[in-house]
Amino acid sequence: MKNIQLILCSFLMLSLQAQTNYITFMEGIDSKSSKYSEIAQTIWNYAEMGYQEKQSSALLKKTLADEGFTFKKGVAGIPTAFSATFGTSGPVIAILGEYDALPGLSQKNVPYKISNNTRAGHGCGHHLFGTASAAAAIAIKDYLEKTGKPGTVKFFGCPAEEGGSGKVYMTRAGLFDNADVALHWHPNSKNAANPGAALANKSAKFRFYGVSAHAAAAPEQGRSALDAVESMNFMVNMMREHIPSSARIHYVITRGGEAPNVVPDFAEVYYYARHEQRDVVIKIFDRIVNTAKGAALGTGTSMDFEMIGGTHELLPNEVLQKLMHNSLTEINGFNYNNEEKEFAEKISKTLGKPLNMKYVNGVEPYDSNALPMGSTDVGDVSFMVPTAGMVAATWVPGTPAHSWQAVASGGTSIGNKGMIVAAKTLALTAFKLIDNPKIIEKAHAEFLQKRGKDFKYIPLLGDRDPALNYRD
């Protein structure tokens, strides 16, 4: 009996010691929160779009270089992509960071709609994403240094998530092949860590070439490229009735001519197709290509298209997700001060929703049946290495992503506070994995079972080079 009691006491003492160590390193993140907030808001002001994130990427590289990380720059043929490593042994923990902004979402950090006089805005909060991930990587580095435990942390600077599929090129280049686990997060209007998947996605720009002519004096001599775009769009919109109801198709006309009295000899339309299964996306995309061919034939124009992006669906890993959810629950949420609450109430009025702080102050319960919504190039990473993610309440509750309200919130202390929750959660999850390598073994077993023994990675965007000019 005494032996059992001694064993239990020893176990409890070790657990308390580990917990004390964890708290120490969480406090380390807190002590640098002002610095991390300044970095995030600097990137918020840069508001650089996909593959154009020169300043944002450079700032994160400097932040990690100052902490002793070693680098590989311009990886996967992308000038703004990089990896930063600390450690040479033990389990390899990959931390993903993003930093691209969205076009057309220029917004000041105020609770009413007003442009910030920039081309883009951080409507998905990637300025917070990249910074919090870097903060977590630094905390993991500190943990490895001070405890002497075997382990390696690799931060991956991932550009152009918004439609540019940056991580797909990085996956294709084998950058994640040696990682044991990949951890990521995303800004949101709540704190949660559910295993919900993301939708597979294929995107392309369809370009039509016609013949210009005077639209009134010689219309018979013209062949309108815009007619071809509109014909294609009409056929795709009819096709919606005959695809799975859970599929999504979106498009914008990016070029439609210059003057009404000139028959347009060039027009371009940019398409996305999404579904929770990549095989379905491939079939839908092939049908979209056929509508483009038909539109060109019917209007006497010619057509080509450029694949811009293509991502796998997300492969959830419940072993890792439950661990991350437990970590997030330990960190918990945060409170608004009076100024933040006043800001949030004004934003809530623009959304037509009451302010509900439940999952800002706390954490949403674990839900293994969470539905997939958007798409992310993290999906491709998740088919290479067991992957887990979370979301943090960086926006006012109820705020949709890709909105001016998200840009505004992300430019305030509300965004900064949520970012610190994310940094701590990623770091705490990594500490537990370093201390308990058997969790990684269980995660790998689930990963291999779900992915299937015959899986072969085939990028949905094929063998094209990175679409570095897709935002031009």
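Couple of notes before you dig in:
- Among all residues of the range 450-468, there is at least one that is more than 22 Å from ALA101 (Cβ to Cβ), more than 17 Å from the chain's Cα centre (by Cα) and aliphatic (A, V, I, L, M).
- Condition met for ASN332 (on the phi > 0 side of the Ramachandran plot and out of contact with any Pro (no Cβ under 8 Å at 6 or more places or on another chain)): yes
- Filter result for LYS432 (within 17 Å of PRO195 (Cα to Cα) and not in a loop (DSSP other than H, G, I, E, B)): no
- When GLY352, GLY310, GLY389, GLY379 are checked against the criterion of being surrounded by fewer than 21 Cβ atoms within 10 Å (Cβ to Cβ) and either over 20 Å from TRP44 (Cα atoms) or under 16 Å from the mean Cα position of the chain (by Cα) (or both), GLY352 stands alone in meeting it.
- The strands (runs of 3 or more DSSP E) falling completely within the range 1-109 that include 1 or more residues that are of a type in the set (Ser, Thr, Tyr), assigned by TED's automatic domain parsing to the domain that holds ALA388 and modelled with pLDDT of 95 or more map to 70-73, 82-86.
- For the residues ASP286, ASP227, the requirement of being more than 30 Å from SER368 (Cα to Cα), of a type in the set (D, E, K, R) and surrounded by fewer than 19 Cβ atoms within 10 Å (Cβ to Cβ) singles out ASP286.
- Test result for PHE305, assigned to a helix (DSSP H, G or I) and at negative phi: no
- Any pair with Cβ under 6 angstrom, 6 or more apart, that starts in the range 445-472 at a residue that is over 16 Å from THR311 (Cα atoms) and ends at one that is surrounded by 11 or more Cβ atoms within 10 Å (Cβ to Cβ) and aromatic (Phe, Trp, Tyr): LEU468/TYR51
- Pairs meeting the criteria (first residue in the range 111-127 and over 30 Å from LEU96 (Cβ atoms) and at pLDDT 95 or above, second residue among the hydrophobic types (A, V, I, L, M, F, W, C) and outside any loop (DSSP other than H, G, I, E, B), beta carbons under 7 Å, at least 6 apart or on different chains) are PRO111/PHE343; PRO111/ILE347; PRO111/ALA408; LYS113/TRP404.
- Test: residue in the range 407-423 that is hydroxyl-bearing (Ser, Thr, Tyr), in a loop (DSSP other than H, G, I, E, B) and under 23 Å from GLY163 (Cβ atoms): no
The values are calculated or read from the model by the stated rules, or taken from the named source; none is laboratory data. Everything numeric in this text was worked out from a predicted model, so none of it was measured. Ideal geometry is used to build each Cβ from the backbone, glycine not excepted, and the neighbour counts take in all protein chains shown.
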